[in-house]
Structure formats: structure tokens, C-alpha cells
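Worksheet for the structure shown next.
The values are calculated or read from the model by the stated rules, or taken from the named source; none is laboratory data. Values in this document were obtained by computation on a predicted structure and should not be read as measured data. Cβ: placed from backbone, ideal geometry, glycine included. Neighbour counts: every protein chain shown. Note: accessible area is taken over every heavy atom of the protein model, side chains too, but ligands, DNA and RNA are not part of it. Shrake-Rupley method; radii C 1.70, N 1.55, O 1.52, S 1.80 Å.
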Amino acid sequence: MHRSMAGDWTRRQFVTGLAAAGVVAGGGVRAFGQSTLTGEAALRELMDGNERFIAGKITSFPEDLKILKEKTVLKQEPFAAVLACADSRVPVEILFDQSIGHVFVSRVAGNVVTPEIMASLEYGVVALGVKAIIVLGHTNCGAISAAVAAKEVPGQISVLYQHLIPAIKGAKGDVPLAVKMNAAYQAQVLRESSTVIAKAIKQDGLKVKSGSYDLGSGKVTLGD
Ligand SMILES: [Zn+2]
């Protein structure tokens with residue numbers, strides 16, 4: 001464990017103070033204090049957390065949640081964002097061993113980039129200053145399986161299909177491959193279709209990667 005909550009908070013508060021005083025220059029679009037991590041370091045923090053989770057050595061639960069909550073009532077300064085499936089077996093904060101205020105999480109079945117999801121992640125980048133985004137698919141994804149099988153579904157469920165079609169076509173009926181291709185495709189959509197995210201990648205070193213979560217082993221593997 002390399003995090004020191006006390007030190008971390010002191011640094012964050014310091015940076016927040018500078019930002020409030022208008023001292024922090026550069027982006028011009030950001031509202032609050034920010035994580036000082038680089039994109040690479042933000043990705044590494046998530047992957048280190050996943051290693052702790054796999055090893056059964058979670059450190060986020062023993063953190064003082066009361067203090068953490070008090071510190072985050074008025075503001076949040078997450079260092080990363082994750083777009084994950086709504087699946088109940090993909091608890092994002094737990095599997096990355098993160099606690100309150102650390103990760104900005106958007107979830108929707110099939111982890112697809114809809115306009116609302118893109119808007120949410122753009123807010124995470126511009127207003128909160130996240131340094132990395134992972135689009136996280138997972139094994140045995142029901143949304144992907146249903147889309148591959150082109151099942152008839154009631155209500156609005158099929159609305160998700162249109163977003164899954166590019167990956168489904170590319171995977172040619174292979175569900176595990178479709179999961180990986182979909183996460184990679186959605187990450188690409190974020191990188192290329194969001195002017196806000198494209199700009200942050202270029203100017204601020206924002207990292208946008210796909211990842212796949214293995215329900216059995218608990219391991220996250222990064223992709224494109
Ligand atoms: Zn799923």
C-alpha cells in the first residue's frame with residue numbers, strides 16, 4: 001500500500017486552495033482542485049488496487065470512512081473514472097480497492113457510451129479532473145450475450161443493442177471476444193467522438209483505456 005490518506009488529503013487541499021485562488025494555470029476550464037496524479041499513475045493506482053483485491057488484501061475498507069465522508073461532503077476530487085456494466089458482480093470500487101471520493105463511476109448495461117454517459121464522463125474530466133478513464137467490460141456479460149444472440153427483448157432493452165452492434169459484428173458470434181471488442185470500441189468512441197476527452201488526452205495526458213474484468217479470478221486486464 002503506497003497511499004497515505006493524511007498526506008494525500010493535505011496535498012489535495014493545498015492544490016484546491018491554489019485553484020480557488022486562481023493560481024493553477026493551464027486548462028482554464030476546471031472548476032476545482034484536482035488529483036495531482038499523471039494519467040499513467042492514475043491507471044497504475046487502479047491496477048494496484050485490483051492486485052490487492054485479487055490477493056484478498058483490500059486496504060480501502062479499513063480507511064477511516066467517517067473522516068473520508070466528512071472531507072468529501074462539499075467536493076470530490078476523484079483521480080480516475082470507470083465506465084462499467086450495471087452487472088451486480090462488477091462492484092467497481094471494491095474490485096479496484098478504492099474508497100469514497102476516489103473513482104467517478106458511470107454504469108449502464110453493456111458499458112456502452114450513450115450521449116448521457118459521454119456527458120457524465122466529460123464532466124468527470126473537465127470539472128473533476130480525472131486523469132484516467134477505464135471502460136470496463138466483464139466475462140459472462142448478459143447484455144453482450146443477448147445482443148450476440150439477437151434475442152427478442154421487451155420494453156426498451158433493445159435500445160442498448162444499437163451501441164453493441166459494432167463489437168458484435170466484429171466478434172462474429174464469439175461472446176468473450178465481443179466483450180473485449182465492445183470495451184475497446186466504447187473507449188475508442190470516447191477518445192474520438194468527445195471533443196472534451198480528445199482535448200484532455202492531447203493537452204493533459206488523460207489516459208482512456210479499455211479493460212476486461214474476469215468474474216472468476218477478479219483480475220482486470222487492460223486492452224486498447
Ligand atoms: Zn454486463
- Out of the residues in segment 61-79 that are of a type outside the set (K, R) and surrounded by 15 or more Cβ atoms within 10 Å (Cβ to Cβ), state the one that is nearest to the ligand (Cβ to nearest atom). P78
- Message: Filter segment 92-109 down to the residues that are open to solvent by 40 Å² or more (accessible area, probe 1.4 Å), more than 10 Å from the ligand (Cβ to nearest atom) and not aliphatic (A, V, I, L, M) and list them by number.
- Response: E93
- Mind checking whether some residue in segment 177-186 is within 14 Å of the ligand (Cβ to nearest atom), in a helix (DSSP H, G or I), farther than 12 Å from G211 by Cα and open to solvent by 30 Å² or more (accessible area, probe 1.4 Å)? no
- Residue list for segment 113-148, filter: touching a residue at least 60 places away in the same chain (Cβ under 8 Å), more than 10 Å from the ligand (Cβ to nearest atom) and β-branched (V, I, T): V113, V125, V126, V130, I133, I134, V135
- Answer residue from segment 144-159, given it is out of contact with any helix residue (DSSP H, G or I) (no Cβ under 6 Å at 6 or more places or on another chain) and open to solvent by less than 50 Å² (accessible area, probe 1.4 Å) and is nearest to R107 (Cα to Cα) among those: A146
- Residue satisfying condition, being open to solvent by less than 50 Å² (accessible area, probe 1.4 Å), assigned to a loop (DSSP other than H, G, I, E, B) and of a type outside the set (S, T, N, Q), within set V82, V112, V135: V112
